[in-house]
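First comes the structure, then the notes that go with it.
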Amino acid sequence: MIKTDVVIIGAGPTGLFCAHQLGIIGLKCEIVDNLDKIGGQCIELYPDKPIYDIPAVPKCTGEELTNNLIEQIKPFNFNFHLSDRVQELKNENNKWLVKTLNGKEFETPNIVIAGGVGSFEPRKFPTKSAEKYDGKSVLYSIKDKTIFKDKSVVIFGGGDSALDWAIELSNSSKVTLVHRRDEFRGAPSSVQKIKELSDNKTIDLITKYSIKDVKGNGSLESVEIKSESGESKVIKADYVLGFFGLIMQLGPIAEWGLNLDKKTIPVNTENFETNKKGIFAIGDICTYPGKLKLILSGFHEGALAARGCFKYARPDEKYRFEFTTASSTIKDRLGVKE
Amino acid sequence: MAKIKYIEFNGTEHEADVANGLSVMEGAIQNDIPGIEADCGGGMSCATCHVYINDVEWFKKLPEKEMGEDDMLDQAFEPKSNSRLSCQLIVSDDLDGLTVHMPEKQV
């Protein structure tokens, strides 16, 4: 059980800057994120795309913004719990007991939900029959590639994950790559390599087809694919892999008894607290009259939510507003030497 | 201004007057029309405002896809050759009478 002042859910820019504000006012926090890296949508959806509306930063990419925010909170040495997801919240004696998917437990008076549009999860096949084999022979990520040795593997998708795995697995498996159109969005060098492997018959490349059904008797035996004009083919398959990118799901957040407005959480604009005492929501996931889904709004929301957390984390102390330019306490916290 | 018809997967029809300059996606969101989610808010980075343009003539008449739209559509639910991202369809008088069909689901 880790005791802390605040658990932040989401390591995107909003969660990171809220952590900074908590550090500045002398609170500790632990940050949990479902992705395996820090940065949220900035790093997952648009690491290379320039952002033009961060105040005083005329232009920076999602990755640069993330790196700067990580640098900015370094002095506080906060812990990150990546590839993990907050699953359960329970209130006991005005403290929140937080449990994650990987079995971590926290005790905290405050939770800040900075979860964007929810957690990123792989998009799955639309076919119902694929669910039966999910995690066994229908996979959306690869943990151990040795299981595919000498097997028939059918890969769906046109991006880098699909192409890279098709190339990699073609060394030791019988690979079929299926994509819905002729163009691929993967790196040009990978597309070139796939075409070579297809020309010399190392892999089977089938375009303008998508999945129709998976078939098997206990274990997976084949996958049926269809074209838009209705033709279909059946391919022998021991494994079927789908790489269609990630979608965002609200997930367990929907089950914590918070008021919800579609996929967002209504908050007050004084400290961004939700209908539950000690649970705050900031960034894209919160809503209030006039809400803008901008990173700069998330920064503002995080700064105010941090002050809201202070009240519950230090009930016997009075919060005193200070400037980073002038406060020697803050400079100590930042490790600034003068 | 253009009158846009949105048809849900179950056949329910909605019609909205959408101001020029807004996207077909925004027209749905502002009028509380279900079936278009637009998780990313119009940044062409989520594929949850996916629609089908079933009328071939209308599909040809729409502004061409810009770079990246097809890549994003690869990641949509059941994309077809008549798929578009509605956040990329900017409304003008030319779009008056457009009908878009929603997929079974977005995520």
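Before we move on, is A:Ile235 of a type in the set (A, V, I, L, M, F, W, C) and assigned by TED's automatic domain parsing to the domain that holds A:Ile147? So A:Ile235 fits the description; yes.
Annotation: of all residues in region A:176-207 being basic (Lys, Arg) and surrounded by 15 or more Cβ atoms within 10 Å (Cβ to Cβ), the one that is farthest from A:Ala130 (Cα to Cα) is A:Lys193.
Filtered by the rule that a residue be among the aromatic types (Phe, Trp, Tyr) and within 13 Å of chain A (Cβ to nearest Cβ), region B:37-75 gives a lone residue, B:Tyr52. Here B:Asp32 fulfils each of the conditions (1) surrounded by fewer than 17 Cβ atoms within 10 Å (Cβ to Cβ); (2) away from chain A (no Cβ under 11 Å) apart from (2).
Grab the helices (runs of 4 or more DSSP H) fully contained in region A:1-119, keeping just those with 1 or more residues being more than 18 Å from the chain's Cα centre (by Cα).
A:13-24, A:62-73
Scanning region A:181-208 for residues that are away from chain B (no Cβ under 14 Å) and of a type outside the set (S, T, N, Q) yields A:Lys193, A:Ile194, A:Lys195, A:Glu196, A:Leu197, A:Asp199, A:Lys201, A:Ile203, A:Asp204, A:Leu205, A:Ile206.
Looking at region A:232-252, which of its residues are more than 14 Å from chain B (Cβ to nearest Cβ) and either of a type in the set (Phe, Trp, Tyr) or over 18 Å from A:Ala162 (Cα atoms) (or both)? Correct list: A:Ser232, A:Lys233, A:Val234, A:Lys236, A:Tyr239, A:Pro252.
Just the residues that are surrounded by fewer than 21 Cβ atoms within 10 Å (Cβ to Cβ) and farther than 25 Å from A:Asn91 by Cα, please, taken from region A:296-312. Hits for region A:296-312 are A:Leu296, A:Ser297, A:His300.
A:Asp53 passes every criterion in (1) within 30 Å of A:Lys236 (Cβ to Cβ); (2) of a type in the set (D, E, K, R); (3) within 14 Å of chain B (Cβ to nearest Cβ) apart from (1). When region A:159-180 is filtered for residues that are at pLDDT 95 or above, within 14 Å of another protein chain (Cβ to nearest Cβ) and assigned to a loop (DSSP other than H, G, I, E, B), only A:Arg180 remains. Of all the numbered requirements in (1) at pLDDT 95 or above; (2) farther than 30 Å from A:Asp316 by Cβ, A:Pro75 misses one, and that requirement is (2).
Can you tell me which residue in region B:76-107 is farthest from the other protein chains (Cβ to nearest Cβ), limited to those that are of a type in the set (A, V, I, L, M) and under 15 Å from B:Phe59 (Cα atoms)? So the residue we want is B:Leu95. Counting only strands (runs of 3 or more DSSP E) that sit wholly inside region A:213-316, those with at least 1 residues that are over 22 Å from B:Gln106 (Cβ atoms) and touching a strand residue (DSSP E or B) at 6+ places or on another chain (Cβ under 6 Å) are A:219-227, A:232-236, A:239-242, A:279-281.
In this entry, A:Leu220 is excluded by the filter for residues that are of a type outside the set (Gly, Ala, Ser), under 18 Å from A:Phe244 (Cβ atoms) and more than 12 Å from every other protein chain (Cβ to nearest Cβ).
Screening A:Ile167, A:Ile211 for residues that are out of contact with any Cys (no Cβ under 9 Å at 6 or more places or on another chain) and within 27 Å of A:Ser129 (Cβ to Cβ) leaves exactly one candidate, A:Ile211.
The residue list A:Thr287, A:Thr274, A:Thr264 contains one member that is closer than 20 Å to B:Glu37 by Cβ, modelled with pLDDT of 95 or more and hydroxyl-bearing (Ser, Thr, Tyr), which is A:Thr287.
If you go through region A:38-83, how many residues are in contact with a Phe, Trp or Tyr (Cβ under 7 Å, 6 or more places away or on another chain), under 20 Å from A:Phe120 (Cβ atoms) and not aliphatic (A, V, I, L, M)? Selection size over region A:38-83: 2.
Give me a count of the residues in region A:166-182 that are over 13 Å from B:Gln75 (Cα atoms) and over 27 Å from the mean Cα position of the chain (by Cα).
Number satisfying all stated conditions: 8.
Mind checking which helices (runs of 4 or more DSSP H) fall wholly inside region B:1-82 and carry at least 3 residues that are closer than 26 Å to A:Asp53 by Cα?
The helices (runs of 4 or more DSSP H) meeting that bar are B:24-30, B:69-73.
The values are calculated or read from the model by the stated rules, or taken from the named source; none is laboratory data. Small disclaimer: the values here were computed from a predicted structure and weren't measured. Note that we place each Cβ from the backbone using ideal geometry, even for glycine, and neighbour counts take in every protein chain shown.
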